[in-house]
1. When segment 148-189 is examined, which residues are found to be within 11 Å of the ligand (Cβ to nearest atom), surrounded by 15 or more Cβ atoms within 10 Å (Cβ to Cβ) and part of a loop (DSSP other than H, G, I, E, B)?
2. Given the conditions (1) part of a helix (DSSP H, G or I); (2) more than 8 Å from the ligand (Cβ to nearest atom); (3) in contact with a strand residue (DSSP E or B) (Cβ under 8 Å, 6 or more places away or on another chain), and given that residue 117 satisfies all but one, which numbered condition is not satisfied?
3. Would you please name the residue that is nearest to residue 187 (Cα to Cα), looking only at residues in segment 125-145 that are free of Cβ contacts under 8 Å to residues at least 60 places away in the same chain and not in a helix (DSSP H, G or I)?
4. Taking residue 131, is it within 13 Å of the ligand (Cβ to nearest atom), surrounded by fewer than 20 Cβ atoms within 10 Å (Cβ to Cβ) and at pLDDT 95 or above?
5. For the subset of segment 29-42 comprising residues that are within 22 Å of residue 15 (Cβ to Cβ) and surrounded by fewer than 19 Cβ atoms within 10 Å (Cβ to Cβ), which member is farthest from the ligand (Cβ to nearest atom)?
6. Restricting to segment 190-206, what's the tally of residues that are assigned to a strand (DSSP E or B) and either farther than 24 Å from residue 33 by Cβ or away from the ligand (no atom under 13 Å from the Cβ) (or both)?
7. Out of 59, 73, which single residue is closer than 16 Å to residue 102 by Cα and more than 9 Å from the ligand (Cβ to nearest atom)?
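The values are calculated or read from the model by the stated rules, or taken from the named source; none is laboratory data. Note that the structure is a prediction, hence the values are computed from the model and not measured. Every residue, glycine among them, receives a Cβ derived from its backbone with ideal geometry; neighbour counts consider all protein chains shown.
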Ligand code: B12
């Protein structure tokens with residue numbers, strides 16, 4: 001079953017993907033698991049793009065199908081919503097990078113856990129991040145990157161946050177398919193992951209005081 005959903009996405013069988021996601025979510029299957037199967041499909045699409053089997057049009061198509069799946073899963077992911085926010089998070093994909101599917105999943109999952117999320121979008125310049133941090137005094141700032149050239153944007157933004165005297169006020173997270181522990185070191189972040197669930201767990205632990 002898992003392979004079927006992944007394969008349907010890789011072959012761009014949109015209706016099949018949407019139908020499978022819908023019926024499995026309605027049957028009570030874990031939305032996180034369903035999302036993971038879709039993401040596996042995106043990884044395979046990426047590999048085929050890299051080897052020249054797929055082109056940009058196929059990347060775009062996969063993105064659209066993934067967005068459709070996300071829209072169905074969002075209400076299942078966003079079940080809890082306590083009245084008092086657990087903490088505040090600013091999220092952004094930085095200058096030069098327009099991938100947003102992963103970042104938006106993190107936003108949905110954080111909101112579901114009761115965090116207040118300021119999602120700044122894609123291709124975001126450092127000054128916009130700095131202004132939002134000043135305005136909202138978040139507990140976390142999260143950068144999402146899917147292309148390696150965005151690492152410099154992440155580092156540059158982190159430096160500018162430091163220079164503005166803001167860096168000590170929050171934990172800095174980096175995430176996205178191309179990030180690694182080495183990227184965390186390069187950027188000077190506190191946490192790195194390629195898994196939204198781990199990112200949310202980290203935020204909850206920090207707010208509980210386990211990692212401050
Ligand atoms: C879909 C896609 C696109 C779509 C994006 C649509 C959109 N709205 O996002 C479009 C068509 C626009 C696109 C464009 C390009 N793409 Co593209 N794309 C992809 C693809 C296939 C899937 C990415 C994706 O959404 N994955 C699914 C999500 C859910 O996974 P994720 O982002 O990793 O997120 C998860 C975690 O990492 C985590 N997470 C993510 N962010 C964060 C942040 C925080 C704080 C935390 C805690 C967690 C977290 O949570 C998520 C859920 O667990 C990848 C292939 C791949 N292997 O990823 C290539 C890929 C990323 N693209 C690539 C390239 C090269 C490009 C282009 C340059 C192509 C071109 N020639 O124009 C352009 C870039 C334009 C730009 N300036 O950004 C390369 C990057 C290579 C590299 N090493 O830099 C990849 C890897 C493909 C490849 N193998 O070559 N792309």
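1. Hits for segment 148-189 are 176, 177, 178, 179, 189.
2. The number of the failed condition is (1).
3. Selected residue: 143.
4. no
5. If we take residues in segment 29-42 being within 22 Å of residue 15 (Cβ to Cβ) and surrounded by fewer than 19 Cβ atoms within 10 Å (Cβ to Cβ), then 29 is farthest from the ligand (Cβ to nearest atom).
6. 0
7. Values: 59 fails: more than 9 Å from the ligand (Cβ to nearest atom).
So the residue among 59, 73 that is closer than 16 Å to residue 102 by Cα and more than 9 Å from the ligand (Cβ to nearest atom) is 73.
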